[in-house]
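Accompanying notes for the structure given below.
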Amino acid sequence: MSFDFDATVVGAGAVGLACGRALAKRGLSVLVLEKEPHIGQGVSSRNSEVIHGGLYYPTGSLKARFCVQGRRVLYPFLESHKVDFRKCGKLVVATNESEVDRIEAIFEQGVANEVEALDHLTGAQARALEPGLNAHAAILSPESGVFDSHGYMLALQGEIEDAGGSVVVSTPFERAEPMAGGGFTLMAGGEGGAALTTRLLVTAPGLGAQDVAGRIVGYPADGIPAGHFGKGVYFRLTGKAPFERLVYPPPIPGALGTHYRKDLGGQAVFGPDLVYVETEDYSVDASKAAEFERYVRRFWPGLPEGALTADYAGIRPKLHGPGEPQPDFQLRGREDHGLDGLVALFGIESPGLTSSLAIGEAVSETLAHD
């Protein structure tokens, strides 16, 4: 049986593009569909652009494995494609004695996850690295960094297209139906759209994961996990960035919490917080500045009064609600939903960006056996 494409990916964010690249590397003809006018306009464009070391995640989880594997190949990818990055390192800071046990648990988790070169620092050692930091103790993760996520996604798109694949924007996915004998018929493009056939299908639409899965004929409704929108806002500092390294307090329930980064433009950005919302609302409430100031002064007492300005917001595709345990990434294949040639991704939030190359390879490997 012949198909229009060997593989179609729904969603042209970092993870969808990484899946498309991995499939194209296998010699498959690849189509990536994106509903927005440009690639990476959803979750991938509204995050911290942090390269995570892999400290926090349960050993053996997909998050732990893919974060470490993805990070190890991400730096060489960025370098070879001349995408801007800075391996600045990260300090996880205990701002008082009561937080020391919490960061020690993070250290032990990172070691178990085989994160390289972690080090314990006393408060004095941390302050020697970053004067002005309030640190009772700290963990140094030298493998952490920041990078240009848009440049990265353009590089992924370039590899797909160099291999003969296509990334098509302004083309929303409408529905898919399994074909007799294998493969799928897809409708895409909205009113006046087109039908096409594909042997393999990957859904990686971020916040739209549940909706897209529900549009695949035969996908079991009870196999679609409940989704939640976790909104986080960011504030930017007016003035000189105080620290060179990333600075993270201990995590908050359900997220890593409000942290500091010096972006590639040299400016200081703080965020995100976490508030559950019902819709994709990207507004930033400027009155939150006072709340952010109180939080930031825990680790940077020298923050000037009124120096934070509202910047941007992001929304994360969470599989847990308030007070619920944070689940793992979900890559659902035939054994989960019963459909040959389909991998559906759910809950790909942080550290999804760092993990993206590893996720792409895992999806490609799964489908290689279908």
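Computed 3J(HN,Hα) for segment 356-370, one whole-Hz value per residue from the Karplus formula 6.51 cos²θ - 1.76 cosθ + 1.60 where θ = phi - 60°, is 4, 5, 5, 4, x, 5, 5, 5, 4, 5, 4, 6, 4, 9, 8, glycine and proline marked x. When only alpha carbons are used to place a centre, segment 298-362 and segment 214-229 end up 18 Å from one another. Which shape class, rounded, prolate or oblate, goes with the chain when its Cα gyration tensor gives a ≥ b ≥ c as root eigenvalues, a/c under 1.5 marks rounded, and past that a/b bigger than b/c marks prolate? Prolate is the answer for the chain, as a/c is 1.5 or above and a/b outweighs b/c. Put the Cα centre of segment 17-54 next to the Cα centre of segment 141-174 and the gap is 5 Å. Which of rounded, prolate or oblate describes segment 26-161 when judged by the alpha-carbon gyration tensor and an a/c cut-off of 1.5? Verdict is prolate for segment 26-161.
With a point put 7 Å past each Cα toward its Cβ, work out how far Asp340 is from Tyr282 in nm, to one decimal. My value for the distance between the label points is 4.1 nm. Histogrammed with a bin width of 5 Å, the alpha carbon distances of segment 13-61 distribute as 4, 17, 18, 17, 19, 15, 10, 1 percent, first bin at zero. Report the one residue of Trp300, Gly341, Leu33 whose Cα lies farthest in the direction of the positive end of the charge dipole of the chain (charges on C-beta: Lys and Arg +1, Asp and Glu -1; origin at the Cα centre). Comparing the listed Cα positions along the dipole, Trp300 ranks first. Residue-wise HN-Hα couplings along segment 30-43, as the Karplus relation 6.51 cos²θ - 1.76 cosθ + 1.60 with θ = phi - 60° gives them from phi, are 10, 10, 10, 9, 9, 6, 7, x, 9, 5, x, 8, x, 4 Hz; Gly and Pro carry x. Taking amide H atoms as placed 1.01 Å from N in the peptide plane, the amide H of Ile216 lies under 5 Å from those of Ala176, each 5 or more residues away in sequence or on another chain. Across the options Ser61, Gly183, Ala194, the greatest Cα extent toward the positive end of the charge dipole of the chain (unit charges at beta carbon of Lys, Arg, Asp, Glu) belongs to Ser61.
Rounded to the nearest 20, the size of the Cβ-charge dipole of the chain about its Cα centre is 640 debye, with Lys and Arg at +1 and Asp and Glu at -1. Restricting to Cα pairs below 8 Å that are 6+ residues apart, what does the relative contact order work out to for segment 228-318? Please round to a whole percent. So the answer I get is 43 percent. Can you tell which of Gly227, Gly27, Gly42 shows the greatest fluctuation in a Gaussian network model of the chain with Cα springs below 10 Å? Most flexible of the set in this elastic network: Gly27. Taking only the C-alpha atoms of segment 228-318, the Rg (one decimal) and the largest Cα-Cα distance, Dmax (whole number), read 12.8, 36 Å. How would segment 90-142 be classified by its alpha-carbon gyration tensor: rounded, prolate or oblate, with rounded meaning a/c under 1.5 and the a/b versus b/c comparison settling the rest? Because a/c hits 1.5 or more and a/b fails to exceed b/c, segment 90-142 counts as oblate.
None of the figures in this text is laboratory data; all of them are computed from the coordinates on show. Because the structure is a prediction, the values reported are computed rather than measured. Neighbour counts are summed over all protein chains in view; Cβ atoms, including those assigned to glycine, are modelled from backbone coordinates with ideal geometry.
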